[in-house]
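Working notes, beginning with the structure itself.
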Amino acid sequence: MLESHRPLSLLCELTYRCNLACPYCSNPVELARYRDELTTTEWKRVLDEAAALGVVQAHFSGGEPTLRRDLAEIVAHARRAGLYSNLITQGTFLDDKRLDHLLAAGLDHIQISVQAPTEELADEIAGTNVHARKIEALERIAARDVALTLNCVLHRRNHDQLAETIALAERLGIARVELANVQFYGWAFRNRAALMPTREQVLTGSAIVSAARERLRGRMEIVYVAADHFGEFPKPCMNGWGREFLTVTPNGTVLPCPAATAIRTLSFENVRERSLSEIWTDSAAFNAYRGTAWMAEPCRSCERRERDWGGCRCQAFLLTGDAAATDPACRLSPDHALIVEAREPKDEPLVARR
Amino acid sequence: MKPEARPTFGKGVRLRREPDGTAMLLVPEGALVLNPSAAAALELVDGHRTVADIVTCLVRAFEIGEEDARSDVGSLFDRLVERQTLRFL
């Protein structure tokens with residue numbers, strides 16, 4: 001059996017329903033089979049099993065997790081199980097009453113995404129008029145006793161407004177900002193050509209972030225996720241497959257990474273049929289790319305193999321059809337040309353998520 | 001930092017003891033595994049004790065020199081304040 005580390009973090013995708021239609025959504029393009037959502041009782045069991053496995057943090061995401069009416073009950077259960085809880089939301093359903101319930105349940109951290117710092121572009125990307133209400137939600141939550149992060153997914157359409165996004169967070173008194181270049185999975189992969197930032201945007205963006213970090217040291221933490229299509233080495237996806245992270249989808253499917261259903265050659269098990277612990281330890285899908293023994297060259301003999309973990313399995317599969325290939329984002333990959341070609345911006349229309 | 005400053009955890013920060021005795025500081029999107037001396041100092045953080053109180057407690061508990069305790073606590077707290085994990089009242 002392969003050595004399975006203790007998972008530290010559980011992503012609970014409570015529902016894929018969402019009132020927004022962002023074209024970079026990481027949810028699967030094929031959503032129909034996730035409509036049979038886990039019940040409150042089933043989520044509570046998942047949280048108990050995760051805590052027993054050693055998980056310390058639960059992240060509640062979606063879709064839009066606040067569409068689940070039992071969210072506060074689930075958060076309260078996470079707290080009882082000793083888990084730190086984080087809510088990743090578009091924010092507009094968090095009125096004072098809902099916030100009261102969630103904070104009383106022990107919610108530790110809220111992350112709210114904005115699509116851009118300016119209303120017109122933000123609403124265009126979200127496919128609906130929500131930006132103004134998001135700003136109200138951010139103001140309301142910043143005044144409460146809960147950690148708050150403002151998130152923004154960066155892509156070609158909003159990259160030039162990166163400095164304004166940081167300024168918006170500063171104006172709202174938000175202490176933590178996460179700026180993540182779009183990762184190409186789900187709807188974002190379908191829209192890759194239209195979302196791909198330009199090299200100039202990527203370079204300018206890094207410089208803006210460095211300067212802002214320096215200027216705001218001690219007042220604002222800026223997490224920046226680089227554009228891996230423009231780097232030399234791949235991102236160490238999930239810090240290694242089946243090593244620290246678990247994702248449970250709305251219907252109970254257990255994944256090593258939220259994008260993993262893209263890998264059609266794997267079949268994933270469900271918490272309705274097996275315990276989380278058995279799936280984590282024994283399932284073929286979790287063991288497929290655990291550790292380094294599955295690697296082929298150039299990863300197998302690479303000195304970075306336990307740093308990059310071969311990069312992203314999902315990206316390897318999406319681009320080469322082989323999930324065990326070196327992530328083409330690595331300059332050492334024989335398929336690296338696929339990434340280089342994809343850097344060329346193309347004027348294609350954005351397809352809104354349905 | 002002033003000896004009379006009273007440290008408290010930032011929003012969304014929780015100290016957690018594992019069944020095996022190791023301590024972790026849970027922060028937004030992360031967990032910092034603490035060494036025993038950092039864990040001992042942070043367990044005394046409650047928004048009431050001052051930095052000087054915490055140093056005194058550590059000197060007694062671990063039978064270490066006051067200078068060493070003051071410098072260890074100072075550098076730990078400085079690092080945590082910079083990342084907003086800790087703040088002073």
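Just so it is clear, none of the values below were taken in a lab; they were calculated from the coordinates. Predicted model, so just to flag it, every value in this text is computed and none were measured. Cβ atoms come from the backbone with ideal geometry, glycine included; neighbour counts cover every protein chain shown.
For A:184, A:233, what ranking results if the residue with the fewest other Cβ atoms within 10 Å of its Cβ goes first? Before the final figure, lay out each step's value.
Details: A:184 26, A:233 16.
Ascending number of Cβ neighbours within 10 Å: A:233, A:184.
Let a ≥ b ≥ c be the square roots of the eigenvalues of the Cα gyration tensor of segment A:242-354; is it rounded (a/c under 1.5), or, if not, prolate (a/b larger than b/c) or oblate?
Numbers: a/c = 2.72, a/b = 1.25, b/c = 2.18.
It is oblate, given that a/c is not under 1.5 and a/b is not larger than b/c.
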Quiz item: Counting each DSSP H run of 4 or more residues in the protein assembly as shown as -39500 (n - 2.57), what helix-only mean residue ellipticity at 222 nm follows after dividing by all residues, to the nearest 500 deg cm²/dmol?
Solution: -10000 deg cm²/dmol
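When a/c reaches 1.5 or more, the comparison of a/b and b/c decides; with that in mind, is chain A rounded, prolate or oblate per its Cα gyration tensor? The partial results should precede the final answer.
Numbers: a/c = 1.57, a/b = 1.05, b/c = 1.49.
Cα axes put chain A in the oblate bin.
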Quiz item: On average, how many beta carbons from a partner chain sit within 10 Å of the beta carbon of a residue in B:3-12?
Solution: 3
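Averaged over peptide B:28-37, how many Cβ atoms belonging to another chain are found within 10 Å of each residue's Cβ? List each step's numbers first, then the result.
Working: counts 16, 13, 6, 6, 0, 0, 0, 0, 0, 0.
Partner-chain Cβ atoms within 10 Å, mean over residues of B:28-37: 4.
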Quiz item: Which distance in Å, rounded to a whole number, links the C-alpha centroids of segment A:179-201 and segment A:4-51?
Solution: 23
Exercise. Please turn the phi angles of segment B:19-34 into ³J(HN,Hα) values with the Karplus equation 6.51 cos²θ - 1.76 cosθ + 1.60 (θ = phi - 60°), one per residue in order, whole Hz, x for glycine and proline.
Key: x, 7, x, 6, 10, 10, 9, 8, 10, x, 6, x, 9, 9, 7, 9
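Using the count of nearby Cβ atoms within 10 Å as a rough guide to exposure, how do A:148, A:319, A:216 rank from fewest to most? Walk me through the numbers before you get to the answer.
Values: A:148 26, A:319 20, A:216 16.
Ordered by Cβ neighbours within 10 Å, fewest first: A:216, A:319, A:148.
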Practice problem: Holding the Cα-Cα limit at 23 Å, pick out from A:44/B:11; A:134/A:346; A:134/B:11 the pairs that are longer than that. | Solution: A:44/B:11; A:134/A:346
Quiz prompt | Positive-end residue of A:53, A:112, A:31, charge dipole of chain A with Cβ unit charges | solution = A:53
Practice problem: State whether segment A:1-159 is rounded, prolate or oblate according to the following rule on the C-alpha gyration tensor (a ≥ b ≥ c being the square roots of its eigenvalues): a/c under 1.5 gives rounded; otherwise a/b larger than b/c gives prolate, and the remaining case gives oblate. | Solution: prolate
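Please report the antiparallel percentage of the DSSP beta bridges confined to chain A, to the nearest 5. Don't skip to the answer; put the middle values down first.
Details: 3 of 36 bridges.
Just about 10 percent of them are antiparallel.
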Quiz item: Which of the aspartates and glutamates could a cross-linker bridge to residue B:2, judged by Cα under 18 Å and excluding same-chain residues fewer than eight apart?
Solution: B:46, B:53, B:66, B:67, B:68, B:72, B:78, B:82
Quiz item: Relative contact order for segment A:119-221: what is it in percent, counting Cα pairs under 8 Å that are at least 6 residues apart?
Solution: 28
Quiz item: Given labels modelled 7 Å from the Cα in the Cβ direction, how far is it in nm from residue A:21 to residue A:232?
Solution: 4.3
Quiz item: In which sequence would B:2, A:235 go, from the one with the fewest C-beta neighbours within 10 Å to the one with the most?
Solution: B:2, A:235
